[in-house]
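Q: Have a look at the structure that comes next, please.
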Amino acid sequence: MTSNVSSIQLAILDIGGIRISFPRNDIAGICLTTDMQTELPANNREVAWVENENYQWPVFSISKDFTILPRSSDKHRFCVCLDRKQDKTFGLTCDAVEAFELKDNSAALTLPDCMSNPISPILHVFMHNQGLIFMSNANAMRDFLLTLETVYG
Amino acid sequence: MAETASAWVLTLNNKHKIALPQYQTHEYITTSIQVKVPLAPPHFHSMLLWRDRMIPLLDLAILVEQKIFTAAKEVVIAAYQTKPGTPLNFVGIIVRDLPFRIEVNDESACEPPEQYHGILRNSVLSCFSYNDQSVPIVNIAYLCSEQLFKNSTDETNVILSV
């Protein structure tokens, strides 16, 4: 007997207590924020650059409310480089990263209509350990950061 | 003799109350697990974990007063349908005192409070006077609709800028 249930491999990023996951395939690498180069031209929205796989990744920091931070939080110890189908995109800083297998993909639900925001990078949510994990991917987060750059940049 | 109907009165804050028809009032809980959702509308800032499911959490005081209130753990669970024959949806409504049941009739009908304008005014099904206070009966399905969020951008932005 076959099962329609399929699992999803995820990386969960903790950003100021908010937990947001990305498909494991979207993760190109994880660096320490101490390895970032923070000297940037004025008026840049990214907080730093980081060298990974012979590529310089622009790094962004967001708050738990999903606003772009002018500099990385002291609590952000890691920079996750997000890479959608070899299309290198950006790095995102976070407090912690953990690998997670969502064993039943039907557990991923969309937010209720009344809570959805068209610019939000949150695509789905699921419950885990009496808490919520938000689900995004590299494309959705990139589009969201571009929207914020357009509005505030 | 005027017909009466049962309603539950919910205290939004020290100034405002609303009422729900008895058939929509599902449960009252005094402790709850709430998770903030980034970029959600201010009056729907969190999800509530209730009976192994996630439901939206509505803080109507934010819509009424146009300012942010401190979190409250007491919640009334309301059930509603978007149209007849569809499954029940649930929403948690933050309350700041014990809910209580009353009987209302047409003789106590009155105008909604002055603060009820825009989308909030549109959500009022009827209103009655209780202890010299105007208590609206609100349309929960309307307040939880996606269309409301789309139509309320200006009002939501006002709250966001507080």
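Q: Counting just the residues of segment B:23-66 that are under 19 Å from B:ASN13 (Cα atoms) and aromatic (Phe, Trp, Tyr), which one comes out surrounded by the fewest Cβ atoms within 10 Å (Cβ to Cβ)?
A: Among those that are under 19 Å from B:ASN13 (Cα atoms) and aromatic (Phe, Trp, Tyr), it is B:TYR28.
Q: Could I ask something else about it? Could you go through segment A:129-136 and let me know if any residue there is in contact with a Lys or Arg (Cβ under 6 Å, 6 or more places away or on another chain) and either within 11 Å of chain B (Cβ to nearest Cβ) or surrounded by 13 or more Cβ atoms within 10 Å (Cβ to Cβ) (or both). Full working, then the answer.
A: Initially, segment A:129-136 is screened for residues in contact with a Lys or Arg (Cβ under 6 Å, 6 or more places away or on another chain), giving A:133.
Imposing the further condition that a residue be either within 11 Å of chain B (Cβ to nearest Cβ) or surrounded by 13 or more Cβ atoms within 10 Å (Cβ to Cβ) (or both) reduces the set to A:133.
Yes, the conditions are met somewhere in segment A:129-136.
Q: So, one more: Any residue at all in segment B:84-96 that's of a type outside the set (Phe, Trp, Tyr), under 19 Å from B:THR11 (Cα atoms) and exposed (fewer than 12 other Cβ atoms within 10 Å of the Cβ)? Reasoning before the result, please.
A: So in segment B:84-96, the residues of a type outside the set (Phe, Trp, Tyr) come out as B:84-89, B:91-96.
From what's left, under 19 Å from B:THR11 (Cα atoms): B:91-96.
Narrowing the set further to residues that are exposed (fewer than 12 other Cβ atoms within 10 Å of the Cβ) leaves none.
No, that holds for no residue.
Q: Checking B:ALA19 against (1) over 25 Å from A:MET135 (Cα atoms); (2) surrounded by 22 or more Cβ atoms within 10 Å (Cβ to Cβ); (3) within 14 Å of chain A (Cβ to nearest Cβ): exactly one of these is not met. Which one?
A: Failing condition for B:ALA19: (3).
Q: Sort through A:GLY17, A:GLY91 and tell me the only one that's in contact with a strand residue (DSSP E or B) (Cβ under 9 Å, 6 or more places away or on another chain) and away from chain B (no Cβ under 14 Å). Don't jump to the end; show me each part of the working.
A: Details: A:GLY17 fails: away from chain B (no Cβ under 14 Å).
Residue meeting the stated conditions: A:GLY91.
Q: Could you grab me the full set of residues in segment B:67-76 that are crowded, with 20+ Cβ neighbours inside 10 Å and within 14 Å of chain A (Cβ to nearest Cβ)?
A: First, the residues of segment B:67-76 that are crowded, with 20+ Cβ neighbours inside 10 Å: B:75-76.
Listed by number, the list is empty, since nothing qualifies.
Q: Given (1) more than 11 Å from chain B (Cβ to nearest Cβ); (2) touching a Phe, Trp or Tyr at 6+ places or on another chain (Cβ under 8 Å), where does A:ILE122 come up short, assuming only one miss?
A: A:ILE122 satisfies all of (1) more than 11 Å from chain B (Cβ to nearest Cβ); (2) touching a Phe, Trp or Tyr at 6+ places or on another chain (Cβ under 8 Å) except (1).
Q: Residue by residue through segment A:122-145, note down the ones that are touching a residue at least 60 places away in the same chain (Cβ under 8 Å) and hydrophobic (A, V, I, L, M, F, W, C).
A: A:ILE122, A:LEU132, A:ILE133, A:PHE134, A:MET135, A:ALA138, A:MET141, A:PHE144, A:LEU145
Q: Now, a different point. Please verify whether segment B:30-40 includes one or more residues that are in a loop (DSSP other than H, G, I, E, B), under 18 Å from B:ASP97 (Cβ atoms) and within 13 Å of another protein chain (Cβ to nearest Cβ). Spell out how you get there, then give the answer.
A: Filtering segment B:30-40 for residues in a loop (DSSP other than H, G, I, E, B) gives B:30-32, B:37-40.
Those still in the list that are under 18 Å from B:ASP97 (Cβ atoms) too: B:30-32.
From what's left, within 13 Å of another protein chain (Cβ to nearest Cβ): B:31-32.
Checked against the condition, which is being in a loop (DSSP other than H, G, I, E, B), under 18 Å from B:ASP97 (Cβ atoms) and within 13 Å of another protein chain (Cβ to nearest Cβ), segment B:30-40 yields at least one hit.
FYI, it's all coordinate maths here, none of it is from the lab. As the structure is a prediction and not an experimental result, all values here were calculated from the model. Every residue, glycine as well, gets a Cβ built from its backbone with ideal geometry; the counts of neighbours run over all protein chains shown.
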